[in-house]
Amino acid sequence: MAYFYNTPQDQAEMLKAIGVKSLEELFASIPAPLQLDRPLDVPPALGEIELTAHLQELAARNTPATANVSFLGGGSYDHFVPAVVDYVASRGEFYTSYTPYQAEVAQGNLQAMFEYQTLICQLTGMDVSNQSLYDGGSATAEAVLMSLAVTRREGRVVTIGSVHPEYRQTLKTYLTSLGVELVTVEASGGTCDLEQLARVVNDETACVVAQHPNFFGALEETDEIAKIAHDAGALFVVAFDPISLGVLKRPGDYGADIAIAEGQSLGTPMQYGGPYLGIMAAREKFVRRMPGRIAGQTVDRRGKRCWVLTLQTREQHIRRSKATSNICTNQGLFALRASVYLSALGPQGLREVAELCLQKAHYARGQLTGLERLEPAFASPVFKEFVVRDRQHDVDGLVRAALAEGIFAGVPLGTWYPELSDCLLVAVTERRTRQEIDQLVAALGDRASSSPSSAETASYA
Amino acid sequence: MRNTRATQLLFELSHPGRRGSRLPACDVPETSLDELIPERHRATAPTPLPEMPEPEIVRHYANLSTFNMCIDTNFYPLGSCTMKYNSKRNERLANLPGMVDLHPYQPESTIQGMLELLHQMQQMLAEISGLEAVSLQPAAGAQGELTALMCAAAYFRDLGETRTKVLVPDSAHGTNPASANFVGFDTLEIKSTPAGYVDMNDLRAKLDEQVAVFMITNPNTVGLFETNVREIADMVHELGGLIYCDGANMNAILGITRPGDFGADMMHFNPHKTFSGPHGGGGPGAGPIAVTGKLGPYLPSPVVAKDDTPEGPVYRLDFDREKSIGRVRSFFGNVGVLVRAYCYIRTHGPDGLRQVAENAVLNANYLLSRVQHILPVPQGDRCMHEFVASAAQLKSERGITAMDIAKRLLDYGMHAPTVYFPLTVKEALMVEPTETESKQTLDAFAETLFRITDESPELLHEAPHTTPISRPDEVTAAREPVLKWTAAEN
């Protein structure tokens, strides 16, 4: 095996030094009846050449976004990842190190963590950030657990139908075990029903969880949601899209108490759903209830500025069953990627990426809903995603037609919303060109009955 | 070459007007922002991010990286974390476009290769664990624990039982009691014997029909195989309870024994430990769980299913599982980590996996035999993949603490062991060499320990001496937290 050092001779010398006769003897403490008396039934070993061929064969039976044109979104996006992000994250000093328990030999990671926390605060307008959670879904659940602890209310948590369905499912799973009631406010018009929200938020409610832009890509009335939550003494938890903050107001500017996000957009490849980056930022007064690791600035014994893990009494390795969360391993490498990504973009680059997404999404929405077959499902303003309704009620047919042209048209919503089974969620990132958008329009259009605008675009197909 | 002056923060390097990226011009007809986004939603000022050109970013991070110890450069015997070599082929293969550029909601027909890999992963983890059903969804070991306990809670709800307690040995990882708490259980601690095993008398005293789960780490955190594990499992099962095995230490027993065979009903794997997923400076990990057949229906959804058709096998995501607890995260799982773990398992095969355990245990025992006369190991002269030495005697005789030793090791270019864990051993130094180290490295580590324990206590109290910083003031960091850079304070 290529990764082992010990030769038979090494093994013999070491066994002798230990004072045993065989490798088997080292396992004598495992009662014989419990020992496996046969080799594991897993496939035989592969050398690097064979393994490479095998993985290439498996990969060849997948269609990556690099081969097709992708309009898939719903929480994972085909944003561009600059090469500098891959370069930094592929340095062994970052990816083969671990949690900085020994600060003296981990200042690189600790300083990068401190910078990440600062960048997230700059991005969100919030006071404090932790050093990452697993992903958007579990970050939602952690934000709610934190709200329960901060408010000392365990009666009710309120969310909205326009929050990512998988975030809500995650939340439901976490709350089932704790016996907390989860109330979901309707979003049948594509955004939160504010009147219903005001009715269900009560003085037992720990928090209101919204997403902005929401799962349908639409903008929520965040000021009003914040007011309803705060008037009842509940926290306002918002899931945001990091890229959107190039044009939209920051969570800290519209009254969020805890801001969370799926950070995949910030330089992490889609890799079939994970590992991603759970972002969490909060108001300063809640910092001692935050989950996860946090880096802090201090000085060493010679007075030199440096960074350490801090506020560790919140964490499971100190506080055990009383910890603020059970999280240990986090997503440090993806926090690093997000930092490099945000540094590479800077304020101007982030605004440009956001504006490109915005303009292209609106162009695509205009072109697609110009087709006779499609109409906008909701009227609300959107950022980089939008929902179209198929008048022929055949979303699968649309997806198949596009796929035949090498296009991933979007995410069918019937999976989570039976009432939207005739709807498709379409995401447009800065990578999509006008030509690709026009190809999508042509693929979904019925040329015989198309409107003038799509007739024009059909010529690109 | 280390550039020790490169400790300025990104924000201090920022310069107005510099930038590290150029975006393409907009190629669609533009609409004014006023028409697209109502003013109340629009940012009123640019985000205050740093402004840097690409070379500056590269130099900054390349220099920062040199302040980290890592497996690629140093021996890293951090107990319980299994810091083994991270294979470069796995990195390359996990980054094939056909593996990494896949969207989680692509049509299943366009990801048959990925689904086959994940299905095989389910099968292989079931075989390695000796259990029947697998979920690849949890994002880390701690989330695996939480998920399995949620499955247990759902199982008891279905039985109409309201069990309130989870038993956890006092030597367990902190994640165990924390996970139990977030599933709504009360945690009861079971004592360890002086020899380092679960105290059977304490277990008998605390075990009753209110116990839902006994969470056992096996091999345990002092590096011993719980010899009574089968008897413990029988006792718990007799009262209707379940056994959870914390799989953090699977590296010691791959192909030697299986949790399912020693009585576990549920377990998690740490692919970033056992199957060499890179630790990434803190993560990512993954936390797949394996359970017995009766608990399988409760696993999160989806799982990968295989249908045999005349045209060959077809893989799909199975969401149609009515007893499932639901989801514990968005999307399928930490697939990037699982792909690396798949490569690792396929590289080793059945014999290779057993050799991982053999060499890990051999290396740990060899190191133990070399150092125990200087650093006694209270729990005996044999171990599995790791051992916990104690500096208690050195402390009482010469004032040298486990922390002193840990810090001084850094001067000699070796990462410190895990210190002050488990809590059951005084002045604990938890050493896990792993199988991807040589006898020469182990000898050098042992000799370094001998040298350190001969050094003056004063020298050790101020160690490390050669690192960029030494003994940061953690008390002030926690009392007056500075958690981000601000222009005013710097």
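The values are calculated or read from the model by the stated rules, or taken from the named source; none is laboratory data. The shown structure was predicted, so the numbers you read here are calculated from the model rather than taken from an experiment. Cβ: placed from backbone, ideal geometry, glycine included. Neighbour counts: every protein chain shown. With ligands, DNA and RNA removed, areas are computed over all heavy atoms of the protein, side chains included. Shrake-Rupley method; radii C 1.70, N 1.55, O 1.52, S 1.80 Å.
Taking the criterion of being open to solvent by less than 10 Å² (accessible area, probe 1.4 Å) and either more than 14 Å from A:ILE279 (Cα to Cα) or more than 11 Å from every other protein chain (Cβ to nearest Cβ) (or both), the residues of the stretch A:223-239 that qualify are A:ILE225, A:ALA226, A:ALA229, A:ALA234, A:PHE236, A:VAL237, A:VAL238.
For the stretch B:191-207, the condition holds for at least one residue, the condition being that it is open to solvent by 10 Å² or more (accessible area, probe 1.4 Å), within 13 Å of chain A (Cβ to nearest Cβ) and either within 22 Å of B:LEU146 (Cα to Cα) or of a type in the set (Gly, Ala, Ser) (or both). Scanning the stretch B:377-389 for residues that are in contact with a strand residue (DSSP E or B) (Cβ under 6 Å, 6 or more places away or on another chain) and either without any contact (Cβ under 8 Å) to a residue 60 or more places away in the chain or within 9 Å of another protein chain (Cβ to nearest Cβ) (or both), we see that the one that is surrounded by the fewest Cβ atoms within 10 Å (Cβ to Cβ) is B:VAL377. Within the stretch B:51-93, the set of residues being in contact (Cβ under 8 Å) with a residue 60 or more places away in the chain, more than 8 Å from every other protein chain (Cβ to nearest Cβ) and under 26 Å from A:GLY274 (Cβ atoms) comprises B:SER80, B:THR82, B:ASN90. Pairing each residue of the stretch A:196-225 that is charged (D, E, K, R) with any residue that is modelled with pLDDT under 95 and in a loop (DSSP other than H, G, I, E, B), provided the two are 6+ apart or on different chains, yields C-beta distances under 7 Å for A:GLU204/A:GLY155. Count of the stretch A:338-394 residues, restricted to those that are among the charged types (D, E, K, R), more than 9 Å from chain B (Cβ to nearest Cβ) and either open to solvent by 20 Å² or more (accessible area, probe 1.4 Å) or more than 26 Å from the chain's Cα centre (by Cα) (or both), is 8.
Report whether or not B:PHE182 is open to solvent by less than 10 Å² (accessible area, probe 1.4 Å), within 10 Å of chain A (Cβ to nearest Cβ) and among the aromatic types (Phe, Trp, Tyr). The answer is no for B:PHE182. Open to solvent by 50 Å² or more (accessible area, probe 1.4 Å) and outside the structural domain of B:PHE275 (by TED's automatic domain parsing): does that describe B:SER21? Considered against the rule, which asks whether it is open to solvent by 50 Å² or more (accessible area, probe 1.4 Å) and outside the structural domain of B:PHE275 (by TED's automatic domain parsing), B:SER21 comes out as no.
Scanning the stretch B:420-433 for residues that are open to solvent by 30 Å² or more (accessible area, probe 1.4 Å) and either closer than 17 Å to B:GLY399 by Cα or in a strand (DSSP E or B) (or both) yields B:TYR420, B:LYS426.
Looking at the stretch A:76-110 only, could you name the residues that are open to solvent by 10 Å² or more (accessible area, probe 1.4 Å), more than 7 Å from chain B (Cβ to nearest Cβ) and over 30 Å from A:ARG432 (Cβ atoms)? A:TYR101 - this is the single residue of the stretch A:76-110 that is open to solvent by 10 Å² or more (accessible area, probe 1.4 Å), more than 7 Å from chain B (Cβ to nearest Cβ) and over 30 Å from A:ARG432 (Cβ atoms). Please work out which one of (1) of a type in the set (Gly, Ala, Ser); (2) more than 30 Å from A:ASP86 (Cα to Cα); (3) at pLDDT 95 or above is the condition A:ALA354 fails and give its number. Of everything listed in (1) of a type in the set (Gly, Ala, Ser); (2) more than 30 Å from A:ASP86 (Cα to Cα); (3) at pLDDT 95 or above, A:ALA354 misses just condition (2). Against the numbered list (1) buried (at least 22 other Cβ atoms within 10 Å of the Cβ); (2) under 22 Å from B:THR418 (Cα atoms); (3) more than 7 Å from chain B (Cβ to nearest Cβ), A:LEU277 comes up short only at (2). Inside the stretch B:275-304, can you point out the residues that are polar (S, T, N, Q) and under 25 Å from B:PRO104 (Cβ atoms)? Correct list: B:SER276, B:SER301. The set of residues from the stretch A:119-136 being under 20 Å from B:GLY280 (Cβ atoms), in a helix (DSSP H, G or I) and facing chain B (nearest Cβ under 8 Å) comprises A:LEU119, A:GLY136.
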